[in-house]
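The structure appears below as structure tokens.
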Amino acid sequence: MNWDELRGMRDTALLNMDKYQLVIPYAALTQTQKDELAAYRTALLTLPQDHDTPAEAWDNFPTKPSWMA
């Protein structure tokens with residue numbers, strides 16, 4: 001795996017979670033869910049800079065909140 005592949009996987013995960021940040025669905029989330037969503041998004045965004053190799057980043061790929069489909 002290289003950085004481009006990892007970023008592609010991360011970008012897909014970001015797209016999948018972005019639907020939860022639309023105005024209507026976001027308003028329906030509890031504060032805990034909003035906090036979990038924010039933490040997950042931050043972890044995805046910082047994934048490449050937080051690890052030295054793509055393999056290390058993959059091993060530490062963030063787990064989405066359990067309530068996300």
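The values are calculated or read from the model by the stated rules, or taken from the named source; none is laboratory data. Predicted, not measured: the structure shown is a model, and the values here were computed from it. Cβ coordinates were reconstructed from backbone atoms using ideal geometry, including for glycine residues, and neighbour counts include every protein chain displayed. For the accessible areas, the whole protein counts, side chains as well, though only heavy atoms, and no ligand, DNA or RNA atoms are used. Shrake-Rupley method; radii C 1.70, N 1.55, O 1.52, S 1.80 Å.
Normalise the Debye intensity by I(0) for the chain, one equal point scatterer per Cα, no solvent, then take log10 at q = 0.23, 0.24 Å⁻¹ and round to two decimals. Once normalised to I(0) and log-transformed, intensities are -0.96, -1.02. Using the Cβ-Cβ distance between residue 33 and residue 58 with R0 set to 30 Å, the FRET efficiency works out to roughly 0.70.
In the chain, the portion of solvent-accessible area held by carbon and sulfur atoms comes to 54 percent [1.4 Å probe, whole percent, DNA, RNA and ligands not counted]. Ligands, DNA and RNA are left out, and with a 1.4 angstrom probe the accessible area of region 24-69 is 64 Å² per residue. About its Cα centre, the chain has a charge dipole of approximately 380 debye under the convention of +1 per Lys or Arg Cβ and -1 per Asp or Glu Cβ, with nothing else charged.
Charge tally around residue 38: other residues with Cβ under 13 Å, Lys/Arg +1 each, Asp/Glu -1 each, net 0. Within the shell of other residues whose beta carbon sits under 15 angstrom from the beta carbon of residue 26, the net charge comes to 0, with Lys and Arg scored +1 and Asp and Glu -1.
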